[in-house]
Amino acid sequence: MDEFYDLDGVKNIILVASAKGGVGKSTTAINIATALNQLKHNIGILDADIYGPSIPKMLGINEKPKISEDKRFIPIEKFNMKCMSIGFLIDQKTPLIWRGPMIIKALKQMLHGVVWAGVDTLLIDLPPGTGDVQLTLSQKVNISGVVIVSTPQELALIDAIKGINMFKKVNVPILGMIENMSYLKTKSNEIIDIFGKGSVKQAAIDNSINFLGEIPIEKKISEASDKGIPYLIENSAEDASKKIFLKREGNIEDAQLIMNEMIEDIKNQGGDILSYIKNNL
């Protein structure tokens, strides 16, 4: 097997994946990164979705990275996190009409051609599918684990299971599954299960994977993304809160990521996600 890339000593590399597009993977990745940053981890975010980069828009970044003395990209810092995306280098309206080898060349450039020094935990936002990018990362990067994001919809879940089986085959630890767009809560507090109920949790149980929780449909989440501000920064005390629950050692290598484990419990403590994290660490 080829040697892993060093990535300037980054200790923990977490993938955020969904084999189906449009399930909220990038939004989830950004808010996981934000939560870890609020827990005093030095965070980097790598947008590995070459064809459809989302990080520039979601973080409100409109500049190009500078070049270091050793001819590598210096990641752009935003919200105290170091960020890199192919979207920083191209016009947002220009499609990338590249075959597989070009995609892998670009990915490798963003891995070892970027100054990741000072980052202890790198979040990698994957493209949809189970293709070249996922395989290259599993072969070239020492991955701590992957978080699978899916909606309850059957079509999304079918592809999510494909992703799970792929990561198992390439020996990438699966930290758990998150059900996004889980339900809609009306002004009268009625819960509407638009895409079905409980299917992601059941899939996690069937595949012996941790179920990390539900994230409801919340208008403020999409509004924050459109404004280029992570939801956890824009709204620190909302029903749709997300949490990262780490072992006391603070070591992501053997930690379980738990997002929004008990929404009701959070609300019972005042709805403040940061207070909930502190009370349970």
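Quick check, is LYS108 loosely packed, with under 14 Cβ neighbours inside 10 Å and out of contact with any Pro (no Cβ under 7 Å at 6 or more places or on another chain)?
Yes: the conditions hold for LYS108.
Just the residues that are closer than 22 Å to PRO127 by Cα and more than 21 Å from the chain's Cα centre (by Cα), please, taken from region 65-88.
Answer for region 65-88, where residues must be closer than 22 Å to PRO127 by Cα and more than 21 Å from the chain's Cα centre (by Cα): PRO65, PHE73.
Hey, any hits in region 252-261 for a residue that's modelled with pLDDT of 50 or more and surrounded by 13 or more Cβ atoms within 10 Å (Cβ to Cβ)?
Scanning region 252-261 turns up no residue that is modelled with pLDDT of 50 or more and surrounded by 13 or more Cβ atoms within 10 Å (Cβ to Cβ).
State whether the residues of region 46-64 include one that is β-branched (Val, Ile, Thr), in contact with a strand residue (DSSP E or B) (Cβ under 8 Å, 6 or more places away or on another chain), modelled with pLDDT under 90 and surrounded by 22 or more Cβ atoms within 10 Å (Cβ to Cβ).
no
Filter region 119-136 down to residues that are in a helix (DSSP H, G or I) and in contact (Cβ under 8 Å) with a residue 40 or more places away in the chain and give me whichever is farthest from GLY52 (Cα to Cα).
In this case the residue turns out to be GLN134.
Which of the residues that make up region 81-134 are within 26 Å of GLN38 (Cα to Cα) and polar (S, T, N, Q)?
Hits for region 81-134 are SER85, THR121.
Which one of the conditions (1) farther than 26 Å from PHE167 by Cβ; (2) modelled with pLDDT of 95 or more does SER85 fail to meet, given that it meets all the rest?
Exception for SER85: condition (1).
Whether any residue in region 14-29 is surrounded by fewer than 20 Cβ atoms within 10 Å (Cβ to Cβ) and either within 25 Å of GLY163 (Cα to Cα) or of a type in the set (Phe, Trp, Tyr) (or both) is what I want to check.
yes
Counting only residues that are among the small types (Gly, Ala, Ser) and in contact with a helix residue (DSSP H, G or I) (Cβ under 7 Å, 6 or more places away or on another chain), which one in region 100-133 is modelled with the highest pLDDT?
This residue is ALA117.
Which of the residues spanning region 205-226 are among the aliphatic types (A, V, I, L, M), over 14 Å from ASN180 (Cα atoms) and surrounded by 15 or more Cβ atoms within 10 Å (Cβ to Cβ)?
Across region 205-226, the qualifying residues are ILE209, ALA224.
Can you confirm whether ILE174 is farther than 26 Å from LYS78 by Cβ and either within 18 Å of the chain's Cα centre (by Cα) or of a type outside the set (Phe, Trp, Tyr) (or both)?
yes
Quick one: would you say LYS40 is of a type in the set (Lys, Arg) and either surrounded by fewer than 21 Cβ atoms within 10 Å (Cβ to Cβ) or over 27 Å from ILE158 (Cβ atoms) (or both)?
So LYS40 passes the test.
Within region 123-165, how many residues turn out to be crowded, with 17+ Cβ neighbours inside 10 Å and closer than 27 Å to GLY87 by Cα?
Selection size over region 123-165: 28.
Scanning region 166-204 for residues that are of a type in the set (Val, Ile, Thr) and under 30 Å from LYS140 (Cα atoms), which turns out surrounded by the fewest Cβ atoms within 10 Å (Cβ to Cβ)?
VAL170
The values are calculated or read from the model by the stated rules, or taken from the named source; none is laboratory data. Quick caveat, the model's predicted, so the values are computed rather than measured. All Cβ positions, glycine included, derive from the backbone under ideal geometry; neighbour counts span all protein chains shown.
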